[in-house]
Structure formats: structure tokens, C-alpha cells
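Everything on this sheet refers to the single structure shown next.
The values are calculated or read from the model by the stated rules, or taken from the named source; none is laboratory data. In this text, all values refer to a predicted model and were calculated from it rather than measured experimentally. All Cβ positions, even for glycine, are placed from backbone atoms using ideal geometry, and neighbour counts span all protein chains on display. Heads up: the accessible areas ignore ligands, DNA and RNA and are worked out on the full protein's heavy atoms, side chains in. Shrake-Rupley method; radii C 1.70, N 1.55, O 1.52, S 1.80 Å.
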Amino acid sequence: MDHQFAECLAFTLEQEGGYSDDPADPGGATNMGITLATLQRWDRNPTLDAANVMDLARSTAAAIYRALYWNVLQGDSLPAGVDLSVFDFGVNAGPGRSAMLLQEAVGFSAGEVDGCIGPITLGAVLKADPVDLIDRLAGSQAAFYRNLPEFDIFGQGWLGRTERRKDAALAMARQGVISA
């Protein structure tokens, strides 16, 4: 469990990089993928500013990722590789969106998709072939990015990350590492 989180976190941190505050990025001030809004929510302190984001410690980023993304997405219960695909996309597009794409990828109807990974979703995920599921998720994730208004600015980076995520997730799945 902790090993899988650590491996997935390392991938995400590498993809996210360090501090940035690109005016074209709606997330604003970001460090290691943690936005100012996320840090304010985590610390329950709306007065935090970009300097606090810049000074964010890796250990704090890891704690935020575990609590607000990994745990919410049931990372410890997902098969190896699927956990990376769901977690890293959740960091980039939000955990609710990531959960919805997972539910769609395992065959839930529009009325069944609720963006929450519970026992029914986990049951469907565990019945699915992880390699096929990772492929389906990567396709859905790329399609999601293509529909964003910022795609012309950030799209090639998002699609590149999707391919790197897919490759890493497939390697994890093929190793047969079980995260649960």
C-alpha cells in the first residue's frame, strides 16, 4: 500500500515539477502540483498566498496528496497501474472527474456515474483487466483534455503526460504488483 502510494506520488511529483504561476493556468500559483486554493483548504487558512505555495515542503505536498487525492480515490484498493492512472489524473483534473472516468471505463451508465469510488465501483474495477482498463482510461483522459478551453496552450503537455502515465501504469500492471 505505502509502496504503491510512494511510487505513484514519485511519478506525479516528477510530472508536476516545482513552483509556477503561469497567468494562463487557471490554477494560479502552484508548487509540486498543489495550488494555492488547495493549500488554503488544507491549512484551513484563506490568508495564505503565493509565497506559502512557493515554500511548500515536499512532506506537506505528500500529506495533501494522500488525504485529498489518494484516499478519496481509494488508491490502496485499486490494482497496480490503475491506481497511478486514477491518482495522477485526479491530481491534474480533480478526483471527482477521475472517479467519473473510471466508472465510465468499467461500463457504468450515465445514471450510475457519481464520481465516488465505493464498493460497487471497486468491485467492477477488480473484475476488469487492468491493462485494458488503463488503455480505456488513457483514451478518456486524453479526450477530456482535448475539450478544455486551455487545450491550445497546455494540450500537448497534457497529452504527453497522459502517454507517460499510461506507459508507467502499464508497466506497473504488467509487473503484477498488487497495491491492495
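Quick look at the values:
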| read-out | value |
| --- | --- |
| Lone unmet requirement of (1) open to solvent by 40 Å² or more (accessible area, probe 1.4 Å); (2) touching a Phe, Trp or Tyr at 6+ places or on another chain (Cβ under 8 Å); (3) closer than 18 Å to R164 by Cβ for E7 | (2) |
| Looking only at region 162-180, and only at residues there that are open to solvent by less than 40 Å² (accessible area, probe 1.4 Å) and of a type outside the set (A, V, I, L, M), the one that is farthest from P95 (Cα to Cα) | S179 |
| Search result, residues across region 42-66 that are of a type in the set (G, A, S), free of Cβ contacts under 8 Å to residues at least 24 places away in the same chain and either in contact with a Lys or Arg (Cβ under 9 Å, 6 or more places away or on another chain) or not in a loop (DSSP other than H, G, I, E, B) (or both) | A51, S59, A63 |
| Selection status of L39, surrounded by 14 or more Cβ atoms within 10 Å (Cβ to Cβ), within 23 Å of T162 (Cβ to Cβ), under 18 Å from the mean Cα position of the chain (by Cα) and in contact (Cβ under 8 Å) with a residue 12 or more places away in the chain | no |
| Pair list, Cβ < 8 Å and 6+ apart or interchain, from region 91-112 residues that are modelled with pLDDT under 95 to residues that are assigned to a loop (DSSP other than H, G, I, E, B) and open to solvent by less than 30 Å² (accessible area, probe 1.4 Å) | N92/G33 |
| Filtered residues of region 44-66 (kept if surrounded by 12 or more Cβ atoms within 10 Å (Cβ to Cβ) and more than 16 Å from S20 (Cβ to Cβ)) | L48, T60, A62, A63, I64, Y65, R66 |
| Count of region 7-28 residues which are modelled with pLDDT under 95 and of a type in the set (A, V, I, L, M) | 1 |
| Pair list, Cβ under 8 Å, 6 or more apart: region 138-157 residue of a type in the set (S, T, N, Q), other residue open to solvent by 50 Å² or more (accessible area, probe 1.4 Å) | S140/E104 |
| Count of residues meeting criterion [touching a residue at least 12 places away in the same chain (Cβ under 8 Å) and under 27 Å from A168 (Cβ atoms)] in region 12-23 | 7 |
